[in-house]
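This report refers to the structure that appears directly beneath it.
Please treat every number below as a calculation from the coordinates, not as lab data. No experiment lies behind these values; they were computed from the predicted model shown. Cβ sites come from the backbone with ideal geometry, for glycine too, and all protein chains shown count toward neighbours.
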Amino acid sequence: MSIRPTIIGCGIFQEEIEHLLAEENLDIDIHWLEVGLHDNIERLEEALEEASAERRGESREERLLFLYGSACLPEMKPFARKLEAETLPVRNCLAFLVGDEKLKQMEQNRTLVASPGWVRKMWLGRAGTVGGWTADDYRMQFGRYDLIVVLDAGLNPLTEEEIITCFDLVQVPIETYPCDPAYFRKLFLDFIEGQTAKIS
């Protein structure tokens, strides 16, 4: 790696990325932001700006990479361009695992697609916490779906207990979908090596 990048990522897929880094024996420091910031556009923008200033400082020699997709903010591309940063060449963390086209296909017919990180940190993580989701919140969030498909790249799959606990909360059938970790691995490694197209 010719230029060590400064990387700021969404904690939603921290487990998958850190698993990959260990497999590839890569020593890369990533500053993880809390999950769910996309629920509030201003909070996400502020967090990215603060982390960028803190991590990179005045230097513009290092590449600044956001482990966020183009759709994580309504105006993600111009926002990242303002900070001289690059974003993932997919629309979100789920497309990072299977690609944009495959994700669109899977989301048809009232299907919600998720990752193990989504289940653990967003759904299970919000249950029973101060200010967390109530039963009514879960019904409002998931009532329009007939099926939840959890992408499984074999990196840190959900346990049977986690699936049952999640179903008890969301009341929607849950299936796992095995996906090839090679796609995710190549996309990430190309991204940090600068082999993907920069924001135009």
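Some notes on this structure:
- Residues whose amide H lies under 5 Å from that of residue 177, counting only those 5 or more places away or on a different chain, are 150, 151, 152; hydrogens are built 1.01 Å from N in the peptide plane.
- Residue separation of residue 177 and residue 164 scaled by 0.36 nm, minus their Cα-Cα distance, works out to 3.1 nm of gained length.
- Mean Cβ neighbour count within 10 Å, used as a protection proxy, ranking 12-19, 95-102, 144-151, 175-182 highest first: 12-19, 95-102, 144-151, 175-182
- Summed residue charge, Cβ within 9 Å of residue 70's Cβ, Lys/Arg positive, Asp/Glu negative: +2
- Derived from the Cα gyration tensor, the three semi-axes of the equivalent ellipsoid of the chain are 29, 19, 16 Å, largest first.
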